[in-house]
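The values are calculated or read from the model by the stated rules, or taken from the named source; none is laboratory data. Because the structure is predicted, anything quoted here is derived from the model rather than measured. In this analysis, Cβ positions are derived from the backbone assuming ideal geometry, glycine residues included, and neighbour counts consider all displayed protein chains. Side chains are part of the model used for accessible areas, which takes the heavy atoms of the whole protein and leaves out ligands, DNA and RNA. Shrake-Rupley method; radii C 1.70, N 1.55, O 1.52, S 1.80 Å.
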Amino acid sequence: MTENQAQTKAKLIAETRRRFEAEYLTDKSDKYDPRDVERLQQDDNWVESYLIWRHNVVDETLKMLDESFQWRKDFAVNDLNESSISRRLLEIGGIYLHGYDKEGNKLFWIKVKYHVKDNKTALDKKKLTAFWLERYAKRESGKPLTVMFDLSETGLNNIDMDFVRFIINCFKVYYPKYLSKLVIFDMPWIMNAAFKLVKTWLGPEATSLLKFTTKNEVQEYVSVEYLPPHMGGTDPFKYSYPPLVDDDFQTPLCENGPVASEDEASSKEDIESDGKETLETISNEEPSAPVKKISPTEQQSSKAEENEKVDSKIKAFKKPLSVFKGHLLHISPAEELYFGTAESGEKKTLIVLTNVTKNIVAFKVRTTAPEKYRVKPSNSSCEPGASVDIVVSPHGGLTVSAQDRFLIMAAEMEQPSGTSPAELTQFWKEVPRNKVMEHRLRCHIIESSKPTTLPLKDGALNMADKTWEDICLQLNRLLENSRRLQDQVQRCIWFQQLLLTLTMLSLAFVISFFYLLYS
């Protein structure tokens, strides 16, 4: 984003807040939840999501905020929890979050066969939908969802257009910018007319997000590992309640198995090397040497050499520029970890944490695919005003996937306490959940270096020289290939000319022959 764009965005957000307070709060302050009003004044991303959905037209944005805030208070969205939802609906499993599409967006499943139009349960079904969407929005702010409308084994008695319209309104008004696409699977022909009406509700701009699929087509959007068998997938997941599914948000847990709480081997290495604020190597590239007693002088020189080795390894990485500004830590990159391929030579990536508090901040890193990655350090602390570099690398030859996620958890250590691995483990057991800051990162694979990153200054020249050499080699190869191609073209032209000449001579010979024959 350019400086002008950032300034324009800031002005629009400020104008929206000012006008909402002046034009709406004076007359309708009792119609809104004070928590939503407070969030509007503090959360720029939330205001921006409404502005974007209304094409930065402030008048339209204010109307949308008014409608959305009134709905949120009527449904008591901020207070929705498991106890406020019908247990029967939770047990049925007609609506839940599970898995990711090929772009890394969370899947929001709606099993239509479990929905029968019934005025008695209509409100409960809407509250269940709002519960899941609010739960997701609080933990994955601004990250879109893919809605999976599973219409297999459905009929006329499952058509509830009021409920469908409510879901559409959720993404058009109440949760703007959260809809990635709406995948309709195995729609019976008898419902064609009904979903033509859905298109009109979505509007012309959002109609492109509607994807009608069959068993052969649904895999264009979701890989088989997150599709159930009746969709041609291999996902063994079976819905059950309790507990709530998709607890990777809380623990977090991976839907294919639990996220490792700690890598035991890594913990041992952290104890030995005191990895609190120093970057360690990602894998055991060299066998460990036998332990021997050394003098304090030798120990200091050894530590200095080790730090130099660490620094040299850090220089090979590129510092990310985008920053998420949390109240405890600034985290860079803000949203995505960029992994290169084996060909690009940059398979590892870097996370930078900066402590913005006056106390020590403990942090730990979690992933939905613990068998794939090595993280160093994964459980440590950061001094006030200091920064910590965390190296993440694929492990054991496994490939990075867009479905993989990383969770950064941080908590302020207000009381004086130690920061050894054992003391940190005890701290995490005792810290209240409302004191923990969480931030999630997606994975992204690139063929070459991310353009929005800056190389570390000491390694910049070497990287530039290497890149220039590669370019020169490529240019030489292209020139050589072009010469060969030019030679081949010349030969073809010469052969065509020869063939044309022979044809003309043959034709002249035939004409002369017949002329002499009949003269």
Single residue of the range 373-399 satisfying the filter (within 20 Å of the chain's Cα centre (by Cα) and over 23 Å from Pro421 (Cβ atoms)) that is modelled with the lowest pLDDT:
Leu398
For Thr419: the one exception among (1) modelled with pLDDT under 80; (2) surrounded by fewer than 17 Cβ atoms within 10 Å (Cβ to Cβ):
(2)
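Conditions tested, residue by residue: (1) touching a His at 6+ places or on another chain (Cβ under 9 Å); (2) closer than 16 Å to Ser68 by Cα; (3) aliphatic (A, V, I, L, M).
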residue: Leu12; (1), (2), (3): no, no, yes
residue: Arg17; (1), (2), (3): no, yes, no
residue: Tyr32; (1), (2), (3): no, yes, no
residue: Asp36; (1), (2), (3): no, yes, no
residue: Asp44; (1), (2), (3): no, no, no
residue: Ser49; (1), (2), (3): no, yes, no
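Taking Lys435 as the residue in question, decide whether it is open to solvent by 30 Å² or more (accessible area, probe 1.4 Å) and without any contact (Cβ under 8 Å) to a residue 60 or more places away in the chain.
Yes, satisfied.
Being under 19 Å from Thr129 (Cβ atoms) and open to solvent by 60 Å² or more (accessible area, probe 1.4 Å) is true for just one of Glu3, Glu23, Glu60, Glu91. Which residue is that?
Glu91
Please find, within the range 175-185, the residue that is most open to solvent (accessible area, probe 1.4 Å) out of those that are assigned to a loop (DSSP other than H, G, I, E, B) and closer than 21 Å to Tyr100 by Cβ.
If we take residues in the range 175-185 being assigned to a loop (DSSP other than H, G, I, E, B) and closer than 21 Å to Tyr100 by Cβ, then Lys177 is most open to solvent (accessible area, probe 1.4 Å).
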One residue is enough: does the range 380-397 have a residue meeting the conditions buried (at least 21 other Cβ atoms within 10 Å of the Cβ) and among the hydroxyl-bearing types (Ser, Thr, Tyr)?
yes
I'd like the full set of residues that are surrounded by fewer than 20 Cβ atoms within 10 Å (Cβ to Cβ) and either polar (S, T, N, Q) or closer than 21 Å to Leu227 by Cβ (or both), limited to the range 152-173.
Ser152, Glu153, Asn157, Asn158, Asn169
Which numbered condition Lys102 fails, given (1) touching a helix residue (DSSP H, G or I) at 6+ places or on another chain (Cβ under 9 Å); (2) crowded, with 17+ Cβ neighbours inside 10 Å; (3) closer than 23 Å to Val224 by Cβ
(2)
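Within the range 149-167, track down each residue that is free of Cβ contacts under 8 Å to residues at least 40 places away in the same chain and either more than 13 Å from Gly94 (Cα to Cα) or in a helix (DSSP H, G or I) (or both).
Gly155, Leu156, Met161, Val164, Arg165
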Of the residues in the range 338-363 that are over 15 Å from Gly326 (Cα atoms), assigned to a strand (DSSP E or B) and open to solvent by less than 30 Å² (accessible area, probe 1.4 Å), the one that is modelled with the lowest pLDDT is Phe339
Members of the range 203-223 that are part of a helix (DSSP H, G or I), open to solvent by less than 60 Å² (accessible area, probe 1.4 Å) and farther than 22 Å from Lys177 by Cα
Val218
